[in-house]
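Single-structure report; data block below.
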Amino acid sequence: MSVLVCGGAGYIGSHCVYKLIELGQKVVVVDNLQTGNSKAIHKDAIFYKGDIRDLDFLNKVFTEQEIDSVIHFAANSLVGISMSEPLSYFDNNVYGTEMLLRAMSQNDIKKIVFSSTAAVYGEPKSVPILETDETNPTNPYGETKLAMEKMMKWVDIAHGIKFVSLRYFNVAGAHESGYIGEAHSPETHLIPLVLEVPLGKREKVLIFGDDYETKDGTCIRDYIHVMDLIEAHLLALEYLEKGNKSDIFNLGNGMGFSVKEIIHASERVTGQKIKNEIAPRRLGDPAILVASSEKAKNILSWRPKYTDINDIISSAWKFHKTHENGFN
Ligand code: UFG
């Protein structure tokens, strides 16, 4: 039996595929390569290029391959673009998930692990954020992920498809091999942008606001290593295989680092001074986002290994040093 990884050519999906294959699993990847890169797909995975919004395409994959469970990463994930193009986010994310669940139902596939986000919470009323806290997205990206979670809840009740939704905080770092890592185009995430300065690809990094109510005035985020995140997906699959009920878990380190702290840690890791400049706040950025991941620790027995921010940045640096232009 195989695991179907939708979005297996993207940053997080490709790391999941590598890990599953290292564990001896058979993996089928579906990706439309809109934001993913075929070079990030492990050579031992069976790859179908296509779009999850295409029900006939999905049915062909399910018919040709013996698929037992699905891990779903195939979605657009840029907050800023979602604000200017909400309809394309609803189309790709919500309609895409509808078609995937329809195909799963038609082919009697009963388990899905889903890639959700801290953006479902919006501006938190308290930190660390618990899964039971209010969800109130402040952008279409978070809204689509929340809608996808809700769709899965009702599909479980109607069709018995069990899901685990994992609400990621700030994912960073790269696979231990350094073969794959974070390479978005355009890049908007803090750590890869900071590392572009010592690589000589960028003169300076902009700090979006230094007048937040935080210790140094810059935004605080909870950075989780991509391989720790993937470990939680494997535990979530096991959890579903044991016949447990559908559930939702936060995934973060439980520790917050400010933008300035990330820049300083990157200076330590790279041994180079990183030029930066204070810029206006970015629209929609909450001051502090830190997860409580106690539930994932208690129920999934998840134990993150990369709790030191220097280790997370070092692993990202290892990838970027050898892939200055991403996969191109
Ligand atoms: N930042 C800068 N300068 C930059 C880029 C980012 O100061 O050039 C700051 C941001 O303002 C923010 C922090 O660095 O305070 C982290 O920004 P990222 O863009 O790396 O990540 P976000 O926290 O905005 O977003 C991440 C995920 C989203 C998810 C969100 C949930 O990438 O998919 O967390 O809160 F929705």
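The values are calculated or read from the model by the stated rules, or taken from the named source; none is laboratory data. The structure displayed is predicted, hence computed values, not measured ones. In this analysis, Cβ positions are derived from the backbone assuming ideal geometry, glycine residues included, and neighbour counts consider all displayed protein chains.
The table that follows gives values for the structure above.
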item: Any hit, the range 232-243, residues being under 18 Å from the mean Cα position of the chain (by Cα) and surrounded by fewer than 16 Cβ atoms within 10 Å (Cβ to Cβ); result: no
item: Extreme residue, surrounded by the most Cβ atoms within 10 Å (Cβ to Cβ), among residues of the range 124-146 that are more than 13 Å from Val290 (Cβ to Cβ) and among the acidic types (Asp, Glu); result: Glu143
item: Criterion violated by Tyr212 - all others in (1) at pLDDT 95 or above; (2) more than 20 Å from Ala279 (Cβ to Cβ); (3) of a type in the set (Phe, Trp, Tyr) satisfied; result: (2)
item: Lone unmet requirement of (1) surrounded by 15 or more Cβ atoms within 10 Å (Cβ to Cβ); (2) more than 18 Å from Asn170 (Cα to Cα) for Gly271; result: (1)
item: Scan of the range 150-166 for residues that are buried (at least 20 other Cβ atoms within 10 Å of the Cβ) and in a helix (DSSP H, G or I), ordered by number; result: Met152, Val155
item: Selection within the range 266-289 - without any contact (Cβ under 8 Å) to a residue 24 or more places away in the chain and assigned to a helix (DSSP H, G or I); result: Glu267
item: Residue match in the range 11-21 (condition: on the phi < 0 side of the Ramachandran plot, surrounded by 24 or more Cβ atoms within 10 Å (Cβ to Cβ) and in contact with a Leu (Cβ under 6 Å, 6 or more places away or on another chain)); result: no
item: Options Asp51, Asp56: the member that is over 23 Å from Lys19 (Cβ atoms), of a type in the set (Asp, Glu) and surrounded by 15 or more Cβ atoms within 10 Å (Cβ to Cβ); result: Asp51
item: Residue satisfying condition, being without any contact (Cβ under 8 Å) to a residue 24 or more places away in the chain and of a type outside the set (Gly, Ala, Ser), within set Thr117, Thr144, Thr135; result: Thr135
item: Qualifying residue in the range 300-319 (condition: part of a strand (DSSP E or B) and either charged (D, E, K, R) or within 16 Å of the ligand (Cβ to nearest atom) (or both)); result: no
item: Boolean, Arg281 is more than 9 Å from the ligand (Cβ to nearest atom) and not acidic (Asp, Glu); result: no
